[in-house]
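Worksheet: one structure, shown below.
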Amino acid sequence: MVAFKKIDIQSAVSHLNKGDILILDIRDKDSFNSGHINGAINLLDDNINDFITETKKDKSILVYCYHGNSSQNAANFLVKCGFNDVYSLDGGYEAWKIK
């Protein structure tokens, strides 16, 4: 069975610089609007079904939240939905913004 992988900030930056990963921010809309990783999609209850049906399952995905805890559950959910290259950002957005 495919499992999500944890990824550190440096490795995430490397993927982002290559442009080979889709970034999902699962924080609430206000937090997203206050700041997010450049290019991130704010994945919420109202758009997750569209994301799952419209996104190719072989696309690499980086999921992040506030501190890297909830993103693990979201990453696991995406794997169960058929995505096979899913990462959870260690430390979440709080670690990202101080990098």
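The values are calculated or read from the model by the stated rules, or taken from the named source; none is laboratory data. All values derive from a computational prediction rather than experimental measurement. Note that each Cβ is placed from the backbone with ideal geometry, even for glycine, and that neighbours are counted across all protein chains shown.
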Original post:
Quick check: is even one residue across the stretch 21-38 modelled with pLDDT under 95 and among the small types (Gly, Ala, Ser)?
Top reply: no
Subject >> Residue selected from the stretch 37-93 under the condition among the aromatic types (Phe, Trp, Tyr) and part of a loop (DSSP other than H, G, I, E, B), by the criterion nearest to GLN10 (Cα to Cα) >> reply: TYR66
Original post:
From the residues in the stretch 1-14 that are surrounded by fewer than 16 Cβ atoms within 10 Å (Cβ to Cβ) and not β-branched (Val, Ile, Thr), which one is farthest from ASP90 (Cα to Cα)?
Top reply: MET1
Subject >> Residues satisfying the stated conditions in the stretch 57-81, i.e. over 23 Å from TRP96 (Cα atoms) and either out of contact with any Phe, Trp or Tyr (no Cβ under 9 Å at 6 or more places or on another chain) or among the hydroxyl-bearing types (Ser, Thr, Tyr) (or both) >> reply: LYS80, CYS81
Subject >> Matching residues in the stretch 45-59 - criterion: being under 16 Å from VAL86 (Cβ atoms) and either among the aromatic types (Phe, Trp, Tyr) or surrounded by fewer than 10 Cβ atoms within 10 Å (Cβ to Cβ) (or both) >> reply: PHE51, LYS56, ASP58
Original post:
Can you pull out the residues in the stretch 36-92 that are of a type in the set (S, T, N, Q) and closer than 19 Å to GLY19 by Cα?
Top reply: ASN38, ASN42, THR55, SER60, ASN84, SER88
